[in-house]
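Just so you know, all these numbers are worked out from the coordinates, no wet-lab data involved. Please read these numbers as outputs of a predicted model, since none were measured by experiment. Cβ: placed from backbone, ideal geometry, glycine included. Neighbour counts: every protein chain shown.
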Amino acid sequence: MPAPLVDAPDAARDAAAAAGTPGTGSTPALRLKAVLLMAGSCLPILGAVLMAPVLPRMQDHFESTPGADALVPIALTIPALALGLLAPFAGVLIDRLGRHRLLVWATVVYAFVGTAPLWLDSLGAIVASRALVGVTEAVIMTCCTTLIGDYWSGPARDRLLAVQTICAAVSATAFFAIGGAIGSAGWRAPFWAYAVSLLLAPLLATVLRPKAGTAADGAAGTDAASAASAVEQRPYPWRRMAATCGLTFFGAVVFYTVPVEMSYLLDDLGVKKSAAVGLATAVASAATVAGAASFARVGARAQAFLPYVLALCAAGFAVMSAAGGAPLLVVGAVVNCVGTGVLLPLLLTRAMALLDHADRGRGTGLWTAAFFLGEFVCPLVLLGLSKPLGGLAAAVGVLAAATAVVALGVFLKDRRTAVATAV
């Protein structure tokens, strides 16, 4: 856990918070805030992966519903669409209404819309409830990220990004296993897990309660208002962000292929039990943790490895495509997930390196939108490829080739940039 900033024990800390400027130091109270913000940041991961192990069983349940072959995977990823579309605008809302208040309410609503499929019989209604999950996730993620910015600065904030990635990977591994185990009781059973946010909401309400006039409750001081006005008058570096957001969009497709499609690939190979599917996917996801941990160790040199990380992801896809049995499929997934564990923080830090401080808020919103929109289209891309190619494994093979091409393109671009800089 990175060293957080002090809580607001005196007038100086309150003044800094009112101006939107974090302080320095460390207290147990701030460490508790960090734990809660990490827990809140994991809720969108819960929404993305918990039901993945039961997708084939859900597909069987709704097999008579027109379009079920597309709607069931969309039920998994439509929260990402809502999150991606709303992320650039969520910051405006929280600045007007306050981070703390919105975070608590969104966490409560998340529980109700997340558990809605327990009582819904229509696949269309379930997809709609999942879209509402994405709306709450957009608010939760933006509030948590903004509050992290309120309490951390400099290297501590950078380290927290790596910790956040590791927490996301660890929680994804746990949620895969939990979803698979609970899924043995039926495809609806995993949706009960969304109620956990009702336990988190009271803690967020009390521990993160801001002092009057601080940045956390959304009240901007004179300095903060002046800074916001200056940001609005600055031209935004759209060109610099366009290529990075495009790469992030593709990277999200790469990142979510194993979580979204692993259960289908295993099903094609004869592995039908939800517990087995959840365990196999959790093993692959655990490799993501190892990848994220290696990123934290490499540090500033990590950007030089981006083409090789993409090549590693492509190699994993190639093994998965050629696998004739479950063990080799899991090996390929592990290779791929080691790469994706490094890929996620690499893409984020690559985007942040292009942005001045005044552009960072909007840049983060655009990056988040690109990443979660990529998550949403991931199953649609593979579904579109699998039908003409004769199967999902062949579609993964095409994605392996595409990832290798992107890796080569990034390598050549970075090499040209290095040569130009040297000259």
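Each of H100, H61 has some number of other Cβ atoms within 10 Å of its Cβ, and from fewest to most they run H61, H100. Each residue, V398 and A326, gets one label point 7 Å from its Cα in the Cβ direction; the gap between the two is 2.8 nm. What the phi angles of segment 185-195 give under the Karplus curve with 6.51, -1.76 and 1.60, with θ = phi - 60°, is a coupling list of 8, x, 5, 7, 3, x, 5, 4, 5, 5, 5 Hz, glycine and proline written as x. Per-peptide packing, taken as the mean over residues of other Cβ atoms within 10 Å, places 379-386, 107-114, 118-125 in the sequence 107-114, 379-386, 118-125 from highest down. Rounded to whole numbers, the Karplus 3J(HN,Hα) couplings from phi for segment 268-283 are 4, 8, x, 8, 10, 6, 4, 5, 5, 4, x, 5, 5, 5, 5, 4 Hz, using 6.51 cos²θ - 1.76 cosθ + 1.60 with θ = phi - 60°, and x at Gly and Pro. Taking the Cα centre of segment 237-423 as the origin and placing charges on Cβ (Lys, Arg +1; Asp, Glu -1), which of V405, V271, L389 is farthest toward the positive end of the dipole? Of V405, V271, L389, it is V405. Placing +1 on each Lys and Arg Cβ and -1 on each Asp and Glu Cβ, with no other charges, gives segment 237-423 a dipole about its Cα centre of roughly 440 debye.
Approximating the spin labels as points 7 Å out from Cα along Cα→Cβ, the A29-to-R416 distance works out to 5.4 nm.
Specify whether the C-alpha gyration tensor of segment 237-423 places it in the rounded, prolate or oblate class, a ≥ b ≥ c being the square roots of the eigenvalues: rounded for a/c under 1.5, otherwise prolate if a/b is larger than b/c and oblate if not.
On the way: a/c = 1.89, a/b = 1.84, b/c = 1.02.
Prolate shape, in that a/c is at least 1.5 and a/b is the bigger ratio.
Here the label points at E63 and A293, each 7 Å from Cα along the C-beta direction, are separated by 4.2 nm in the simple model.
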